[in-house]
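Notes follow the structure.
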Amino acid sequence: MKILLGLILAALCLPAVARDCVVVVMHGKWGGPKSPYLRVLAEKVQRACDIELREMPWSRNRNYDETYEAALAKLSDSVRIYREKGYKKIFLGGHSFGANAAIAYQATFGDIDGVIALAPGHSPYEMYQMGMNRSLIEAAKKHAAEGRPDALLEFTDLNQGERKTFSIRSDVFYSYFRPDGLGNMALSASQFKRPVPFMWVIGTMDPLYRGGSAYAYDKAPSNPLSKYVVVSANHAMTPEVASDQVFEWISRVRDL
């Protein structure tokens, strides 16, 4: 009896840690779950919520092995599982291309509680306007009309000035690089299913910095907890430099 009483008292003395929120974080293009650019951010975020560092189709290992729609559908399955496990708040965030995906997800499914876009990247509309990928977009359309979505295209990808060439399925290429598709952040932000808290973080040395909040952030439905943050950082280091601000924002949204 004394042993049982002691165990009960010990349990009562333990700090109450409510892990009722989770943050799913997606890496940038050619990165991965263990991206060094996400390490500091992950360490701080997990003080507030559980965290999942998720590998996406644009990782260095996968090279676009499924369509954007399929990747978001799998995210939706994970969100449902988290809900079934009892998580009350689910945040979806990412760095660069991962930020693009967080925005696209809210426009497609709209069932998360907060969007975190860190140094958002991947701009197929701008690429198309500059004449990049136009012939490939037309080829992908042609293959789809012919019933050959699996026809391969030779594609040179661009990431912060670096280039990488590989073969890609026509339907997969089209899903990520069509100018008016899921990768168009301005369009996706305007199509959020509901006005959830939205955090956009951009570095002063990021190519997208000059676009300001009008580029996409202002197009999302208004929410009093949304926040546009500017930090002194380049594209790669933005998640680390902004990690304290992200932690504070998540903690605030979580508790409301």
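The values are calculated or read from the model by the stated rules, or taken from the named source; none is laboratory data. Everything numeric in this text was worked out from a predicted model, so none of it was measured. Cβ placement follows ideal geometry from the backbone for every residue including glycine, while neighbour counts extend to all protein chains displayed.
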Practice item. Please work out which residue is modelled with the lowest pLDDT, limiting yourself to region 160-208 and to residues that are in contact with a Ser or Thr (Cβ under 8 Å, 6 or more places away or on another chain), under 19 Å from Gly31 (Cβ atoms) and of a type in the set (Val, Ile, Thr). Key: Thr165
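State which residue is surrounded by the most Cβ atoms within 10 Å (Cβ to Cβ) when the search covers only region 76-101 and only residues that are touching a Phe, Trp or Tyr at 6+ places or on another chain (Cβ under 7 Å) and closer than 14 Å to Ile51 by Cα.
In the first step, residues of region 76-101 are kept if they are touching a Phe, Trp or Tyr at 6+ places or on another chain (Cβ under 7 Å); the result is 76, 90, 92, 95, 97.
Narrowing the set further to residues that are closer than 14 Å to Ile51 by Cα leaves 90, 92.
Details: Ile90: 20, Leu92: 30.
Only one residue fits best here, namely Leu92.
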Check your understanding: When region 90-102 is examined, which residues are found to be touching a strand residue (DSSP E or B) at 6+ places or on another chain (Cβ under 6 Å) and within 21 Å of Gly211 (Cβ to Cβ)?
Key -> Gly93, Gly94, His95, Gly98, Ala99, Ala101, Ala102
Check your understanding: Does Thr204 count as surrounded by fewer than 18 Cβ atoms within 10 Å (Cβ to Cβ) and polar (S, T, N, Q)?
Key -> yes
Review point. Can you spot a residue in region 79-90 that is under 16 Å from the mean Cα position of the chain (by Cα) and under 22 Å from Ile168 (Cβ atoms)?
Key: no
Review point. Could we say that Arg178 is without any contact (Cβ under 8 Å) to a residue 12 or more places away in the chain and of a type outside the set (S, T, N, Q) here?
Key: no
Review point. Can you name the residue in region 114-129 that is in contact with a helix residue (DSSP H, G or I) (Cβ under 9 Å, 6 or more places away or on another chain) and surrounded by fewer than 21 Cβ atoms within 10 Å (Cβ to Cβ) and, of all such residues, is nearest to Val196 (Cα to Cα)?
Key: Tyr125
Exercise for review: Find all pairs meeting these conditions: Cβ atoms under 6 angstrom apart; at least six residues apart or on different chains; first residue within region 88-109 and more than 15 Å from Tyr37 (Cβ to Cβ); second residue polar (S, T, N, Q).
Suggested key: Ile103/Ser188; Ala104/Ser188; Ala107/Ser188; Ala107/Gln191; Phe109/Ser76
Exercise for review: Of all residues in region 167-199, count the ones that are of a type outside the set (A, V, I, L, M) and within 16 Å of Pro149 (Cβ to Cβ).
Suggested key: 11
Review point. Identify, please: which residue in region 181-201 is outside any loop (DSSP other than H, G, I, E, B) and within 14 Å of the chain's Cα centre (by Cα) and is, among those, farthest from Gln160 (Cα to Cα)?
Key: Phe198
